[in-house]
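Notes follow once the structure below has been shown.
The values are calculated or read from the model by the stated rules, or taken from the named source; none is laboratory data. Because the structure is a prediction, the values reported are computed rather than measured. For neighbour counting, all protein chains shown are included, and Cβ atoms are generated from backbone atoms with ideal geometry for every residue, glycine included.
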Amino acid sequence: MPLTHPNLQFNRLFDSFVIMRIRLTFTFLLISSLMLTIQAQTWGRVGTGTNGSVRTLTKFADGIAVGGDFTIINMFDRIGHSFVRENKLDEYTIFSPYSEQLNVSSSSAATLIPIVYANTKFDGHLHIGGRFNHPNYDDNVGLGYFQLDPQNNTTEFIGYNVQLADSQTVYCMREFDGHLFFGGDFQSLGFASYIGSIGADDYPNPEVNPVGSSINGPVHALEIFQDQLYAGGNFSRSDTDTVYQTNIARWNGADWEIVGLGLNGPVYALHTFNDQLMAGGAFTASDSLEMLGIASWDGLEWAPVGTGFTDSADTVFSMATYDDTLYVGGRFDSAGNVYVQNVAKLVSSDWSNLGEGIRGPVYVMEEYRGRLYFGGLFTKADELVSRNIVTYNNGNIPFGIQSRTQQISLRIYPNPATDRIVIQTDVDMKSARLYSSLGSMIPVTISSNSISLENIAVGFYMLETTDQNSNTYHQSLIIQ
């Protein structure tokens, strides 16, 4: 075999190195391009969606709680309520808690068509309100909370000390001043009518307390503004000076009082934004000043918000802040000369659309891990087919589990691992869970910052750990 000149060998090695660098650079650019494409995407599905409307969304524990009048979500049987979380692959997984049979009562074969309108975190529990049955209770329950056991992936539903009539419903919930307030169309729920409250640590069956006596119609929304609780709905009354308190009221600690001259139609949504209280609904004016579906209150007077929504039949059902911008959802087609199908955002003082909008009414919005979730009764968001629940990202905010900021130095080793891992960190971890690439939760035991992996299948996992201060951290883990 002839000898090769050393310079020629070097040149060939150099050429191979250059080719390898080009390939690696191309791969890096391709991956970067894909990442930018993913980041720039706008709409995203939540599995296959639901077979009924979504009415409420609330961040709770490590996911987002979903309520409505559906019986199936992402092909799982869930009556009126479920739980969605993201796994490491940034997909969506239906978690099994909150799947109680909310359509069966203990007293008879007759059942309500179940619907959950409200859910919220209070005193460490997830409380829900609506109109539904439960096997442990007679007739309509309508109010209760879930007792979550995250290690065993189970829940127990517990009702309040009184139950609603079958024809009555709870529409909203809000924590304020150490109590959970809730509103609806109920009358004589214990001593509460249209609005009531429970106190913290009042368990296992919280006692319902009355909240004033001057509201005489359904309450659909509750919000805190300037350290005071406001209620919106479809009600009115006159005070001693015959000034009408119409569709919105403010709690003074003893009863409900007038908010300006009120609004001339039902209020379905309240939201604090930029030091203003935003009210949305089916009204057209406050006194003689035109306000089409949305109005702002600064503590002294009502004012219109941009052009409002053009048609007198338009209705605002929900509002949320996302990336310091006000988003509004409901049932409407235009704001002035701008086409905004059922969802719009406020840019300066003008309304702007989100592409082709959402093809059906939007009842609820919630920001969660860099995305804005929309729930309602729709089939498409812009050009994306999605049933009743969808997510939106404006391209400016990182999203997903990967965006969680870790404030401590934490690493796991060995990784890949076989039968055991050690967590090296400057704080003690009190609990841990593994999630498979398909989102299945696998309980594990942490002892002295060490975790046994015996009897766990080979594969790619996300390790979720919680420290002594209830902060949560995520690390990728390969078991081989």
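What to note about this one:
- Residue match in the stretch 434-450 (condition: at pLDDT 85 or above, assigned by TED's automatic domain parsing to the domain that holds PRO416 and surrounded by fewer than 17 Cβ atoms within 10 Å (Cβ to Cβ)): yes
- Being under 24 Å from THR120 (Cβ atoms), out of contact with any helix residue (DSSP H, G or I) (no Cβ under 7 Å at 6 or more places or on another chain) and surrounded by 21 or more Cβ atoms within 10 Å (Cβ to Cβ) holds for only one residue in PHE317, PHE332, and it is PHE317.
- Residue within the stretch 94-107 that is at pLDDT below 85, closer than 22 Å to ALA165 by Cα and in contact with a strand residue (DSSP E or B) (Cβ under 6 Å, 6 or more places away or on another chain) present: yes
- Considering each residue of the stretch 300-313 in turn, none proves to be touching a Gly at 6+ places or on another chain (Cβ under 9 Å), in the same structural domain as ASN247 (by TED's automatic domain parsing), under 22 Å from LEU384 (Cβ atoms) and in a strand (DSSP E or B).
- Test: residue in the stretch 277-284 that is part of a strand (DSSP E or B), in the same structural domain as ASP177 (by TED's automatic domain parsing), under 15 Å from TRP351 (Cα atoms) and within 21 Å of the chain's Cα centre (by Cα): yes
- Long-range neighbours under 7 Å by Cβ, at least six apart or interchain, first residue part of a loop (DSSP other than H, G, I, E, B) within the stretch 121-145, second buried (at least 24 other Cβ atoms within 10 Å of the Cβ) and among the charged types (D, E, K, R): ASN140/ARG131; GLY142/ARG131
- Odd one out for GLY330 among (1) at pLDDT 95 or above; (2) out of contact with any Ser or Thr (no Cβ under 8 Å at 6 or more places or on another chain): (2)
- Within the set ASP227, ASP255, the sole residue that is loosely packed, with under 15 Cβ neighbours inside 10 Å and in contact with a Gly (Cβ under 7 Å, 6 or more places away or on another chain) turns out to be ASP255.
- Among the residues of the stretch 197-218, those that are assigned to a strand (DSSP E or B) and more than 16 Å from ALA254 (Cβ to Cβ) comprise ILE198, GLY199.
- Test: residue in the stretch 219-238 that is closer than 22 Å to LEU112 by Cβ and assigned to a loop (DSSP other than H, G, I, E, B): no
- Tally, over the stretch 449-471, of residues that are of a type in the set (S, T, N, Q) and outside any loop (DSSP other than H, G, I, E, B): 4
Rundown of residues vs (1) part of a strand (DSSP E or B); (2) assigned by TED's automatic domain parsing to the domain that holds LEU57; (3) farther than 25 Å from SER53 by Cα; (4) not aliphatic (A, V, I, L, M), yes/no style:
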| position | (1), (2), (3), (4) |
| --- | --- |
| SER318 | yes, yes, no, yes |
| THR321 | yes, yes, no, yes |
| GLN341 | no, yes, no, yes |
| ALA344 | yes, yes, no, no |
| GLY360 | no, yes, no, yes |
